[in-house]
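Heads up: the structure comes next, in structure tokens.
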Amino acid sequence: MLSLDFLDDVRRMNKRQLYYQVLNFGMIVSSALMIWKGLMVITGSESPIVVVLSGSMEPAFHRGFFFFFTNRVEDPIRVGEIVVFRIEGREIPIVHRVLKIHEFFFFFLSSLQNGHIKFLTKGDNNAVDDRGLYKQGQHWLEKKDVVGRARGSSVLLRNTSPHLPQFPRCC
């Protein structure tokens, strides 16, 4: 019924009005994309704003809670930090807290070189760490898996998305 009303409105418009409406819609979409891409460049993260989709970070962060992320590579990852990471073969990134850090050091020409850092994550509300979520045979995450690191959150926007999809508590 709604689509028929929309089509009647479109039929009543002259060509100039129709072009104007299409142009306005295009400007809105392109502005939103430019703002998103600008945020990506400024923050260095492919997902500068992420919504918590499950209850795995409760009680601190409930479903619908918004996080603002950056991904500065030069900053070291610390225990307790909230990161968003992507697992190979999974479409949706996961927002969890860093539980442990494992740092490898290499000796090269009798001097200690800066090591390779791996880390383990866990949802605050989960009973076990995230190794069950990682791809087969993967026991630690690396910096390349990180999409962003939490720099802020929004209490004001929390739970404004009551129709978020339901996911199992483990993710």
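The values are calculated or read from the model by the stated rules, or taken from the named source; none is laboratory data. All values derive from a computational prediction rather than experimental measurement. Reconstructed Cβ throughout: ideal geometry from the backbone, glycine too, with neighbour counts over all protein chains shown. Protein only, heavy atoms only, side chains kept; ligands, DNA and RNA dropped before computing areas. Shrake-Rupley method; radii C 1.70, N 1.55, O 1.52, S 1.80 Å.
Here are the numbers for this structure:
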read-out: The listed residue being small (Gly, Ala, Ser) and under 13 Å from the mean Cα position of the chain (by Cα), out of Gly89, Gly44; value: Gly44
read-out: In the stretch 112-156, residue modelled with the lowest pLDDT [restricted to those that are farther than 28 Å from Phe66 by Cβ and of a type in the set (Gly, Ala, Ser)]; value: Gly115
read-out: Among residues of the stretch 47-77, those that are open to solvent by 100 Å² or more (accessible area, probe 1.4 Å), under 25 Å from Lys143 (Cα atoms) and of a type outside the set (A, V, I, L, M), counted; value: 1
